[in-house]
Ligand code: ADP
């Protein structure tokens with residue numbers, strides 16, 4: 001079923017002819033709906049930590065006055081909630097930036113192996129805290145693509161961070177050159193981030209890159225997630241004319257692969 005606008009225009013040249021046009025506007029309506037959903041989601045995501053902050057401020061001003069233990073506990077929670085808001089705003093800005101640049105072809109020569117090393121070093125402490133072993137394989141010289149280094153770093157960081165957050169003890173990042181990727185129809189570089197976590201039900205896989213889509217919202221929030229990481233990844237990969245592939249089996253972990261034209 002489609003929504004269609006129907007236009008009739010009298011052609012002034014001879015006054016007798018009438019021009020009819022039919023236009024499918026389903027996509028316009030779908031875009032409007034998506035925008036409304038997005039605004040509703042953002043408002044909800046911001047309101048939740050804000051409500052908590054207001055509640056704790058009131059408590060600190062009233063009942064918790066003169067109770068240093070309670071004050072310390074509440075301040076810690078407030079710091080966490082403020083951090084959540086700040087991360088959300090950072091991710092929203094990132095998302096809007098990458099969306100607006102999606103049609104601008106990146107031009108820099110980028111060493112992918114270097115970026116993977118940087119991302120794993122940045123996340124080294126987080127991996128340790130989470131008792132996760134981070135293994136990088138196939139990291140060689142000369143693994144280059146034309147790209148945007150900051151954005152590609154963000155892709156690898158987001159995927160490795162998710163592997164640590166939702167994984168089960170080991171995250172393996174594998175870099176691989178491909179002579180010919182069937183989808184890209186040419187030489188490619190593949191970066192795969194595999195974890196041995198609980199895996200993802202196939203039902204969810206096609207929706208994971210939607211903004212704010214989470215399988216378990218409580219768990220995502222608990223881990224400090226904003227629900228925007230994979231949406232950002234998808235836009236960046238699109239900008240690089242690459243592919244994001246997600247494979248998973250329940251109980252056997254997940255594999256997120258980014259394939260970039262090389
Ligand atoms: P979040 O900030 O919630 O982590 P993302 O956009 O990065 O947001 O991911 C969306 C959702 O996809 C997550 O909430 C989680 O449910 C699921 N997910 C992402 N990566 C993995 C993974 N490696 N294993 C299992 N589930 C994952």
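Yes/no per residue for (1) away from the ligand (no atom under 13 Å from the Cβ); (2) at pLDDT 95 or above; (3) closer than 20 Å to residue 208 by Cβ:
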| site | (1), (2), (3) |
| --- | --- |
| 75 | yes, yes, no |
| 91 | no, yes, yes |
| 101 | yes, no, no |
| 115 | yes, yes, no |
Is it the case that residue 200 is touching a strand residue (DSSP E or B) at 6+ places or on another chain (Cβ under 6 Å), within 8 Å of the ligand (Cβ to nearest atom), part of a loop (DSSP other than H, G, I, E, B) and in contact (Cβ under 8 Å) with a residue 12 or more places away in the chain?
yes
Over the stretch 248-258, the set of residues near the ligand (Cβ under 10 Å from one of its atoms) and buried (at least 21 other Cβ atoms within 10 Å of the Cβ) is 248, 253, 254, 256
Given the conditions (1) in contact (Cβ under 8 Å) with a residue 24 or more places away in the chain; (2) under 21 Å from the mean Cα position of the chain (by Cα); (3) in a helix (DSSP H, G or I), report the number of the one that residue 29 does not fulfil.
(2)
Against the condition outside any loop (DSSP other than H, G, I, E, B), near the ligand (Cβ under 10 Å from one of its atoms) and either at pLDDT below 95 or in contact with a helix residue (DSSP H, G or I) (Cβ under 6 Å, 6 or more places away or on another chain) (or both), how does residue 171 come out, does it pass?
yes
Restricting to the stretch 138-152, what's the tally of residues that are surrounded by fewer than 20 Cβ atoms within 10 Å (Cβ to Cβ) and either within 13 Å of the ligand (Cβ to nearest atom) or under 19 Å from residue 229 (Cα atoms) (or both)?
2
Any chance the stretch 3-26 includes a residue that's in a helix (DSSP H, G or I) and within 30 Å of residue 212 (Cβ to Cβ)?
yes
Number of positions in the stretch 174-195 that are farther than 16 Å from residue 144 by Cβ and touching a helix residue (DSSP H, G or I) at 6+ places or on another chain (Cβ under 6 Å)
2
Filtered residues of the stretch 179-197 (kept if crowded, with 16+ Cβ neighbours inside 10 Å and either part of a strand (DSSP E or B) or out of contact with any strand residue (DSSP E or B) (no Cβ under 9 Å at 6 or more places or on another chain) (or both)):
181, 188, 189, 190, 191, 192, 193, 194, 195
Say whether the condition of being modelled with pLDDT of 95 or more, within 15 Å of the ligand (Cβ to nearest atom) and more than 22 Å from residue 248 (Cα to Cα) is met by at least one residue in the stretch 123-131.
yes
Scan the stretch 48-66 and tell me whether some residue there is loosely packed, with under 10 Cβ neighbours inside 10 Å, part of a helix (DSSP H, G or I) and over 25 Å from the mean Cα position of the chain (by Cα).
yes
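Every residue, every condition in (1) modelled with pLDDT of 95 or more; (2) within 7 Å of the ligand (Cβ to nearest atom); (3) assigned to a helix (DSSP H, G or I); (4) within 28 Å of residue 113 (Cα to Cα), yes or no:
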| residue | (1), (2), (3), (4) |
| --- | --- |
| 225 | no, yes, no, yes |
| 234 | yes, no, yes, yes |
| 241 | yes, no, no, yes |
| 246 | yes, no, no, yes |
| 260 | yes, no, no, yes |
Mind telling me which of the residues 99, 45, 81, 76 ends up being out of contact with any helix residue (DSSP H, G or I) (no Cβ under 9 Å at 6 or more places or on another chain) and part of a helix (DSSP H, G or I)?
76
Taking the stated definitions as given, is residue 127 touching a strand residue (DSSP E or B) at 6+ places or on another chain (Cβ under 8 Å) and either surrounded by fewer than 13 Cβ atoms within 10 Å (Cβ to Cβ) or within 20 Å of residue 258 (Cα to Cα) (or both)?
no
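The values are calculated or read from the model by the stated rules, or taken from the named source; none is laboratory data. The model shown is predicted, which means the values in this text are computed figures rather than measured ones. Glycine gets a Cβ as well: all are built from the backbone with ideal geometry, and neighbour counts include every protein chain shown.
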